1. For segment 251-271, which residues satisfy the criterion of being in a helix (DSSP H, G or I) and open to solvent by 20 Å² or more (accessible area, probe 1.4 Å)?
2. Could you say which residue among 365, 358 is modelled with pLDDT under 95, under 30 Å from residue 100 (Cβ atoms) and either touching a Lys or Arg at 6+ places or on another chain (Cβ under 8 Å) or of a type outside the set (Lys, Arg) (or both)?
3. Can you tell me which residue is farthest from residue 225 (Cα to Cα) among those in segment 312-344 that are outside any helix (DSSP H, G or I) and of a type in the set (Gly, Ala, Ser)?
4. Among the listed residues 56, 95, 108, 62, which satisfies the condition of being buried (at least 19 other Cβ atoms within 10 Å of the Cβ) and aliphatic (A, V, I, L, M)?
5. Which residue out of 357, 294, 312 is in contact (Cβ under 8 Å) with a residue 60 or more places away in the chain and within 19 Å of residue 156 (Cα to Cα)?
6. Considering only segment 227-246, state which residues are assigned to a loop (DSSP other than H, G, I, E, B), over 21 Å from residue 266 (Cα atoms) and open to solvent by 20 Å² or more (accessible area, probe 1.4 Å).
7. Across segment 116-133, what is the total count of residues that are outside any strand (DSSP E or B), touching a residue at least 12 places away in the same chain (Cβ under 8 Å) and under 29 Å from residue 5 (Cβ atoms)?
8. Just the residues that are open to solvent by 70 Å² or more (accessible area, probe 1.4 Å) and over 17 Å from residue 295 (Cβ atoms), please, taken from segment 333-359.
Amino acid sequence: MSVLVDVIAGARPNFMKIAPILHAMQARREAGGPLRWRLVHTGQHYDPRMSGEFFAQLGIPAPDVNLEVGSGTQAEQTAGVMIGYEKLLLAQRSACCLVVGDVTSTMACAITAQKLHVPVAHVEAGIRSGDWTMPEEINRLATDAVTNWFFTTSDHANTNLQRSGVGEERIFFVGNTMIDTLLANMGRLRAPDFVQQHGLQPGGYVVTTLHRPANVDSADGFGRLLRAIGDGCRGLPVVFPVHPRTAKTLRELPDFPANLLLIDPQPYLEFNWLVKHAKGVITDSGGITEETTVMGVPCLTLRDNTERPETVELGTNELIGTDPAKLGPALARLFDGQWKQGQVPPLWDGRTGERIVAILERLLA
């Protein structure tokens, strides 16, 4: 017997999350397991630096289907994904639509599948920030509203789902596939070429990533934030991979701190090498807070809320907020050696993909 599972990937955060699932499916398939997959790339991130390099580095096979949605507004991308995926399902129906994370493609494919009565499995289900100004939060809520089976990363996610009325028999606490990918590749991390060029030493630089609208869309506010980062890092280089959204506002600034090292977005192995060897990370991303927690690297999150509270309660992350004035005191604690020691949350052990595939076999076979 053969059971077809659609695995959906649309944007860079998805790629790290699907890799362990595909690897586990392949291993089970070779051992006689019933599941086979159809990898559907929606094309939401179409830049080779955002997509192709990640597939190659993480051993993800070429997509079976690429919907080639490309750029556009939230609504345009959602509509493009829905139209393309509906055509695919009408041509060849799958037994399950497996979506990961909280990008536009996650929501769009989940809704499309459910309307065609294809059951939906959501990996990283149940996480919530409570902030409806974030598109990702709307995607999470909409996806979980039409999900059949929920694969979760934390007790917080389990509780969120239970409070919303999801029965415990549909919730599977499995761990974190992004951490599977990190642990599997820890020995393969490699320094980018510019590290030697700029004389960067382990513990002798800070990494920052910024892309949230509240932080980067206003040139004045973004400029004040960059000055606070530059001043607070006491002359250390600040390695700043520039997100396309951020680059647009950067061009409007008259200047920025001299210790800011602007670089292109980095492939997976190079970026995580930078994180692993940094003195600390300043970010407004969610996923990076999980990786820093596992690597034991101090993390300062420039947000007022997080959908990953375990990284604050157990890990190395701390919510600083979006006020630049709060960054200086937090960086002072980091530089004075007063940052907290973290621990790794339960089941973030590198075997989440295996657990998901075993459960899917029971549910679908």
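1. 270, 271
2. Details: 358 fails: modelled with pLDDT under 95.
Residue meeting the stated conditions: 365.
3. Residues of segment 312-344 outside any helix (DSSP H, G or I): 314-323, 336-344.
Narrowing the set further to residues that are of a type in the set (Gly, Ala, Ser) leaves 315, 321, 337, 342.
Details: 315: 24, 321: 11, 337: 23, 342: 26 Å.
Among those residues, the one meeting the criterion is 342.
4. Details: 56 fails: buried (at least 19 other Cβ atoms within 10 Å of the Cβ); 95 fails: buried (at least 19 other Cβ atoms within 10 Å of the Cβ); 62 fails: buried (at least 19 other Cβ atoms within 10 Å of the Cβ).
The conditions single out 108.
5. Details: 357 fails: within 19 Å of residue 156 (Cα to Cα); 312 fails: in contact (Cβ under 8 Å) with a residue 60 or more places away in the chain.
After ruling out the rest, the residue left standing is 294.
6. First, pick out the residues of segment 227-246 that are assigned to a loop (DSSP other than H, G, I, E, B): 233-237, 242-243.
Next cut, over 21 Å from residue 266 (Cα atoms) only: 233-235.
If the condition is that a residue be assigned to a loop (DSSP other than H, G, I, E, B), over 21 Å from residue 266 (Cα atoms) and open to solvent by 20 Å² or more (accessible area, probe 1.4 Å), then 234, 235 are the ones that fit.
7. 9
8. Within segment 333-359, 333, 336, 338, 346, 351, 354 qualify.
The values are calculated or read from the model by the stated rules, or taken from the named source; none is laboratory data. All values derive from a computational prediction rather than experimental measurement. Reconstructed Cβ throughout: ideal geometry from the backbone, glycine too, with neighbour counts over all protein chains shown. Heavy atoms of the whole protein, side chains included, go into the accessibility calculation; ligands, DNA and RNA do not. Shrake-Rupley method; radii C 1.70, N 1.55, O 1.52, S 1.80 Å.
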